[in-house]
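Single-structure report; data block below.
The values are calculated or read from the model by the stated rules, or taken from the named source; none is laboratory data. Note that the structure is a prediction, hence the values are computed from the model and not measured. Backbone-built Cβ (ideal geometry, glycine too); neighbour counts: all protein chains shown.
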Amino acid sequence: MPKLKLVTFGCQANDLDSERITGLLLREGYTLTEQEEEADLILLNTCAVREKAEHKVYSRLGSYQALKRRRAGLKIGVCGCVAQQEGQALLNRFPYLDFVVGPSQLTAIPPLLAGATRGVATARAAGYSYPATAPVQRQSGIRAWVSIMEGCDRFCTFCVVPFTRGRERSRPPQEIIEEIRGLKRQGYREVTLLGQTVNSYGRKLTPPVSFVKLLRHIDELAGDYMRVRFTSPHPSDVTDELASAIAELPSLCEQIHLPVQSGSDRILHRMKRGYTRDEFLEKVALLRAKTPDIAITTDIIVGFPGETKEEFRATLDLMQEVGFDGAFIFKYSPRPHTEAEQMPDQLSEDVKGRRLEQALTLLNRLSLERNRAYIGRTVEVLVNREDAKVDVGRHTGRTRQNKIVHFTGDELADGSVVPVAITGATPLYLQGAIAC
Ligand code: SAH
Ligand code: SF4
Ligand code: F3S
């Protein structure tokens, strides 16, 4: 049986695409291997969101030249956002590369493999791209990614995603419901709905379906068996109805990842984010008014072109004002085709690096404060050893707020839901002991 080595970079959408690619290739008779040396097919599922992510792909590809010479019959393919961005240019640059496949052409992989010539499949799908009948080989038996939309129409000036994933396309609601019904039947305890701007779901469907309506349907199905999350919502589309849904729907977890990017109005405007600092703060206040216990995490970019010291301060200040539970903080990275890449006032790596350090130091303090507030409380934890990266407790799981908990207790099966008394906290996780 031929062996596949699959390497994944990038976001949750790519994690799910890798599960789809695995499903498609297992169906073709492949088995999985971790070893490049014994693979018959090496696939890189790539990310183009920052320059560093893209460079990782090129250096990895470079290292395959010798391998390809040694192993007759080895095929190498590139999928994902770098594939979409570069297309044929990748085949030109790496003569030993066999094929290039964009994120909406995953089902083209088996036919490309069967073909004798090198190929590129990067045509855009008009509708939602992955057929409901095509397979998904999930990594976890407990948590599942469920894509509800693809692409993005927002064109934030720093972001390459609308160019790589294309325009926003929503998946028909019946397909989503059917998939979740199937997951429940298989014993999955949690689903995370995925989309680049997940809460703008359904506007372009005929007839339109609102995101909150979809959530209500899913909640009925999930009952008290499944937890439901979604990522990433856009702040502009956080409505009163959405805030109420988080408060009211039992399956919907008390957690939101709400990317703010900057705390400065001028920078937000230059990023074309579509909201001001005050508007973002109003959304946070609305969410907290309805769900006092909600955990709020975010994405932040430091060193956007022209960001002054004061404007960077405004971001630190906003972080403090909100008191985020966690954040991904990035140095601005110029991306091809984007407006911000053309802006004249690019900052030095040095300045960006220092701002990143400062923001990370503050984040550490804030998330530690937020996590310490759980000490003395008993929380509901879904046991899942996949998060067991730090060996500080016997079990690992997540709270409804999506906080990782390492805790002690008797034997427990993955997928159990248990009460845990929290006794300690770090910026990244909680510690405790089972409370029953
Ligand atoms: N669709 C999501 C974000 C997708 S990209 C949303 O709109 O929230 C994930 C994160 O990468 C972004 O939130 C942003 O913080 C970061 N990012 C995107 N482009 C970037 C760039 N050019 N430089 C640095 N960080 C970037
Ligand atoms: Fe990129 Fe903005 Fe779309 Fe998010 S909303 S994917 S940051 S363009
Ligand atoms: Fe990267 Fe593409 Fe996701 S650029 S972040 S893999 S949408």
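Yes or no: segment 135-148 includes at least one residue that is away from ligand 2 (no atom under 16 Å from the Cβ), surrounded by fewer than 16 Cβ atoms within 10 Å (Cβ to Cβ) and part of a helix (DSSP H, G or I). So far as segment 135-148 goes, no, none of its residues is away from ligand 2 (no atom under 16 Å from the Cβ), surrounded by fewer than 16 Cβ atoms within 10 Å (Cβ to Cβ) and part of a helix (DSSP H, G or I). For segment 152-172, a residue qualifies if it is within 6 Å of ligand 2 (Cβ to nearest atom), under 23 Å from P131 (Cβ atoms) and not in a loop (DSSP other than H, G, I, E, B), and exactly one does: V161.
Taken over segment 151-177, residues that are among the aromatic types (F, W, Y), more than 9 Å from ligand 1 (Cβ to nearest atom) and either crowded, with 22+ Cβ neighbours inside 10 Å or more than 16 Å from S104 (Cα to Cα) (or both) amount to 1.
Taking the conditions (1) closer than 30 Å to A144 by Cβ; (2) surrounded by fewer than 20 Cβ atoms within 10 Å (Cβ to Cβ); (3) more than 20 Å from the chain's Cα centre (by Cα) in turn, D387 satisfies each one other than (3).
Mind telling me which of the residues A53, A48 ends up being under 24 Å from K331 (Cβ atoms), among the aliphatic types (A, V, I, L, M), within 16 Å of ligand 1 (Cβ to nearest atom) and touching a helix residue (DSSP H, G or I) at 6+ places or on another chain (Cβ under 6 Å)? Let's see the steps before the verdict.
Numbers: A53 fails: touching a helix residue (DSSP H, G or I) at 6+ places or on another chain (Cβ under 6 Å).
Every option except A48 fails the conditions.
On the given criteria, is P292 assigned to a loop (DSSP other than H, G, I, E, B), of a type outside the set (D, E, K, R), out of contact with any Leu (no Cβ under 6 Å at 6 or more places or on another chain) and assigned by TED's automatic domain parsing to the domain that holds M319? In short, yes. The listed residues are T197, T133, and the only one of them that is within 14 Å of ligand 1 (Cβ to nearest atom) and free of Cβ contacts under 8 Å to residues at least 60 places away in the same chain turns out to be T197.
If you check L382 against the conditions, is it touching a Lys or Arg at 6+ places or on another chain (Cβ under 6 Å), in the same structural domain as T423 (by TED's automatic domain parsing) and either under 21 Å from L316 (Cβ atoms) or surrounded by 14 or more Cβ atoms within 10 Å (Cβ to Cβ) (or both)?
Numbers: touching a Lys or Arg at 6+ places or on another chain (Cβ under 6 Å): yes; in the same structural domain as T423 (by TED's automatic domain parsing): yes; either under 21 Å from L316 (Cβ atoms) or surrounded by 14 or more Cβ atoms within 10 Å (Cβ to Cβ) (or both): yes.
Here the answer is yes, as L382 does meet what is asked.
Yes/no matrix, rows are residues, columns are (1) surrounded by fewer than 23 Cβ atoms within 10 Å (Cβ to Cβ); (2) farther than 21 Å from E37 by Cβ:
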| site | (1), (2) |
| --- | --- |
| Y64 | yes, no |
| R70 | yes, no |
| Q84 | no, yes |
| L90 | yes, yes |
| L97 | yes, no |
| S104 | no, yes |
| P110 | yes, yes |
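In segment 26-101, counting only strands (runs of 3 or more DSSP E) that sit wholly within it, the ones holding 1 or more residues that are of a type in the set (D, E, K, R) span 75-79.
Among the criteria (1) within 16 Å of ligand 2 (Cβ to nearest atom); (2) part of a loop (DSSP other than H, G, I, E, B), the one G187 does not fulfil is (1).
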